[in-house]
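Peer 1: A single structure is presented below for examination.
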Amino acid sequence: MISTDASSTKAALTNEPMAKVTSPDGRKQTTNRLDTDWSEQQSRQIASIIRQLTTGWKERSRAAQMLVALCDLVEQEPSRLDPGNDPQVWGFQAMEIGEALQERFNDAGKWATDPVSAKERMSEHWPKLEEIWERQEATILDGLQDAAIEPRPSLHRLAEKGGSGKRNRYGFRFDTQADGVTRQDSASVDIRDVRPVRYRRLDISGNRLVRWMSDRGLYLGGWGGKVFLSVFALLLIFTVFWAWLVIVAMGASPSAVTFLKFGLKGGLTIAMFYLLFAWLLRLVANRVTVAPLLLQPWSGDDYLLELRKKDGAKRNTMYLVRYTANCPICGEHGEDAIHVASGRLEFFGRLVGRCDRAPNAHVFSFDHISQKGRFLR
């Protein structure tokens, strides 16, 4: 039978001067506060789910066994983790965890009988347990989410002030957020009723050309625009002339092999030209397109070229722009942003917004004029 403390004194856990939350390196952490309504039944259910999840892990170390033993203790006496408890009775001592190890695995040795040995082994294995918890936290939170449990557990240790006779106490704390990580229940979002997104422009940093294209733009009626259009026209004329030469050469081919060689060379040339300069055609047709590779940053491919006509201007101005939005399915800003990319074959000829977390599942339309988009699939 697991031993318990006889004291029933109640006090605010975080107001007790002897109770300090410490990390393995001795630094103080946040106090053990409860951000949601705490209940024994929910604590027992959380411990049961964590213990069941551990059966699917590859962890077979003593630290992993400690977690199972701790879950057993919480299932038996969930009231010990009440955040209103006095720090001297909150949680479980090292020997109690040793007794649970002996009962569960029959392999605890002096851990369950010698206070000094129990303290030394807990000090040795607790940091290892924290490492396991960090690796498996996503699995734990997903398991709790599937069970529709709101509080999120995290490992917790209380260290009493005093000399060598002090006794640390161990358990879980239950908060709305675990380790500051916010998790939104994406499963609760009805995929048939996803709200529209609102795109916003992002600042673009880079070399002088990139900054100039972003801030001032390239006015196509000035000398820079004329040079740009002249180069584009020359490339178009060269492509048409080359295609004509290939067709003539194919018609005058003395053999089928020569005919195929000319056809292959012409086809490869046209394909290469399309890959390098098709963005110009799309820009003219749609007034917005994905920027060519030379203008893209090393870390992404969401820079766009956009044509705008300023008030009173006779010609368009070409800008380098970037848009983002918050995914209404995934949630939080920053972690689950939408970036604008090619529509590929499914949405051929269009730009779409793709969620960074699920780029092929959460796809939204993109309108660079209204800066709005609706859910596509």
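Peer 1: Would you tally the residues in segment 330-346 being buried (at least 16 other Cβ atoms within 10 Å of the Cβ), at pLDDT 85 or above and either hydrophobic (A, V, I, L, M, F, W, C) or more than 15 Å from Y303 (Cα to Cα) (or both)?
Peer 2: 3
Peer 1: Follow-up. Tell me the residue from D86, D107 that is surrounded by 17 or more Cβ atoms within 10 Å (Cβ to Cβ) and either closer than 22 Å to P151 by Cβ or modelled with pLDDT under 90 (or both), please.
Peer 2: None of the other options fit; the residue is D86.
Peer 1: Still on this model: May I ask you to verify whether E150 is surrounded by fewer than 18 Cβ atoms within 10 Å (Cβ to Cβ) and modelled with pLDDT under 85?
Peer 2: Taking the combined requirement at face value, the residue satisfies it.
Peer 1: Another question, if that's okay. Return the residues of segment 183-214 that are of a type in the set (D, E, K, R), assigned to a helix (DSSP H, G or I) and either closer than 18 Å to A291 by Cα or modelled with pLDDT under 75 (or both); say none if nothing qualifies.
Peer 2: Selection gives R192, R208, R211.
Peer 1: Do you know which of the residues in segment 231-275 that are polar (S, T, N, Q) and not in a helix (DSSP H, G or I) is surrounded by the most Cβ atoms within 10 Å (Cβ to Cβ)?
Peer 2: Only one residue fits best here, namely S253.
Peer 1: For the condition among the hydroxyl-bearing types (S, T, Y) and over 23 Å from F366 (Cβ atoms), what is the one hit in T317, T289, T324, T269?
Peer 2: One residue alone meets the criteria, T269.
The values are calculated or read from the model by the stated rules, or taken from the named source; none is laboratory data. Since the structure is predicted, the reported quantities are computational estimates derived from the model, not experimental observations. Glycine also receives a Cβ, built like all others from the backbone with ideal geometry; neighbour counts cover every protein chain displayed.
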